[in-house]
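Have a look at the structure below before the remarks.
Values quoted throughout were computed directly from the atomic coordinates according to the rules given, and no laboratory measurement underlies them. Because the structure is predicted, anything quoted here is derived from the model rather than measured. Virtual Cβ from ideal backbone geometry, glycine too; neighbours counted across all protein chains shown.
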Ligand SMILES: Cc1ncc(COP(=O)(O)O)c(C=O)c1O
């Protein structure tokens, strides 16, 4: 009854969403600050009478705003029910039945699951121990998911290296810039450039815009690839309220940028504080840190923090098992994390703080 490949599938495990509101939640890379006040105004003034109508199936109003922000045409913009939906659609639009999906290992673990759901193979490219990459000679896939900055490593792949890869790659490249607003550089130019045949660049409102609770991602790229996504999407993949809220947020870029600056300041402080305590911390270009506690005792620290109601993310495995992924919280949450780590005496990892 159930398809064999679905029966064999190990689904994606999202980070925990505890009901206990006293938990300090640094496990799913959400933004610790609320969305723009324009979002609250938009929800308060929303005329619910309109909900009897279907939403605009091709969401022209938000596409116009996105096109204006990035300097491209509306025909180059697709919007999805979270960027996760866009990733899934790409595996259906750009991967042949006997084809393959590529990505780095480690990177966003959903990519492998999406390939399995689609019933095609996943061809991961192992990152080097310093989390940089060289593409293997003769590497080929129908679609390559290039997370930049990467998750969970938090590091930015050099946009020039990404551009070279896109030029030489035969398949479609989707540059997943879920954390792009927290980075010093990005690859959006590749998507918008005249002559671009194969590169899509994707963003989400879930992180920098503090809107993980509505589901809103978008992707920009060559008209032909974007048209293919429209062809296969659900008729009404974006609901009316989400479109309104998304537009309100996209009309207040300044607010988003102020929050991003605040998070980047906390990121620099947290990085310095952990390094001073003997942690190895990757140079983050995201709203989280990927950090190795002394002696690589990540699992022990993870458990300790959880007991103390501080949730971070732990990914077992040869490349990631000695690291924790820690979302940058509010200044108070960051301080609470450092206090908790300072009290880790009983697990004998840290020298007493002076
Ligand atoms: C690299 C990456 N891509 C995509 C997503 C999904 O984002 P969205 O909330 O827009 O579905 C995430 C979420 O954590 C992510 O880390």
- request: Take the Cα of residue 97, step 7 Å along the line toward its Cβ, and report every residue of segment 122-143 whose backbone nitrogen sits under 19 Å from that point.
  value: 122, 142-143
task: Choose one answer from 307, 333, 257: the residue with the largest mean-square fluctuation in a GNM of the chain with alpha-carbon springs under 10 Å.
output: 307
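What percent does the relative contact order of segment 1-103 come to when contacts are Cα pairs within less than 8 Å and at least six residues apart? Mind dumping the intermediate values first?
Values: 22 pairs, mean separation 10.8, N = 103.
RCO, segment 1-103: 10 percent.
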query: Roughly speaking, what % of Cα-Cα pairs in segment 1-153 are separated by over 21 Å, rounded to a whole number?
result: 65
query: Over its Cα atoms, what ratio of radius of gyration to 2.2 N^0.38 Å does the chain give?
result: 1.01
statement: Out of 232, 24, 86, a Gaussian network model of the chain with alpha-carbon springs under 10 Å gives the largest mean-square fluctuation to 232
Among 267, 292, 258, residue whose mean-square fluctuation peaks in a GNM of the chain (springs only between Cα atoms under 10 Å): 258
- request: Evaluate the Debye formula for segment 64-105 with equal point scatterers sitting on the alpha carbons, no solvent, and hand back log10 of I(q)/I(0) at q = 0.18, 0.27, 0.30 Å⁻¹, in q order, two decimals.
  value: -0.69, -0.94, -0.99
message: I'd like the projected area of segment 133-207, averaged over all directions, using the convex hull of its alpha carbons. Report it in nm² with one decimal.
response: 5.1
query: Given the Cα-Cα distance of residue 164 and residue 197 and 0.36 nm per residue of separation, how much length would full extension add, in nm?
result: 10.5 nm
- prompt: Semi-axes of the equivalent ellipsoid of segment 228-303: what are they in whole Å, largest first, if each equals the square root of 5 times a C-alpha gyration tensor eigenvalue?
  reply: 38, 19, 10
- line: Dividing the helical contributions, -39500 (n - 2.57) per DSSP H run of n ≥ 4, by the residues of the chain yields a 222 nm value, nearest 500 deg cm²/dmol, of -10500 deg cm²/dmol
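If you stretched the chain out fully between residue 335 and residue 3, how much longer would it get, using 0.36 nm times the residue separation minus the C-alpha to C-alpha distance? Let's see the in-between values first.
Values: separation 332, 0.36 × 332 = 119.52 nm, distance 4.86 nm.
The residue 335-residue 3 span can extend by a further 114.7 nm.
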- prompt: Binning every alpha carbon pair distance of segment 148-188 at 5 Å from zero, what are the percents per bin?
  reply: 6, 25, 33, 23, 12, 3
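Compute the FRET efficiency between residue 68 and residue 184 as 1/(1 + (r/R0)^6), taking r as their Cβ-Cβ distance and R0 = 41 Å, and round to the nearest 0.05. Let's see the in-between values first.
Values: r = 23 Å, r/R0 = 0.57.
Once the sixth-power term is evaluated, E becomes 0.95.
Please state, as a whole number in µm²/s, the translational diffusion coefficient that the Stokes-Einstein equation yields for segment 216-354 at 37 °C and 0.692 mPa s, with Rh defined as the Kirkwood radius across alpha carbon pairs. Intermediate results must be reported in sequence, preceding the final value.
Numbers: Rh = 17.9 Å.
In µm²/s, the coefficient rounds to 184.
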Dmax and Rg, reported as Rg then Dmax, of segment 10-66 (C-alpha, Å): 17.1, 43
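If each residue of separation counts as 0.36 nm, what is the full-extension length gain between residue 12 and residue 49 once their alpha-carbon separation is subtracted?
9.6 nm
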message: Under a crude label model (7 Å from the Cα following the beta-carbon direction), how far is residue 231 from residue 300 in nanometres?
response: 5.6
- line: In vacuo Debye sum over C-alpha of segment 127-282, base-10 log of normalised intensity I(q)/I(0) at q = 0.10, 0.14 Å⁻¹, listed in q order, is -0.44, -0.84
- prompt: In nanometres, what is the gap between the two model label sites at residue 343 and residue 33, each 7 Å from Cα along Cα-to-Cβ?
  reply: 2.8
- prompt: Does anyone have the angle between helix 159-168 and the longest principal axis of the chain? Alpha-carbon axes, 0 to 90°, nearest 10?
  reply: 40
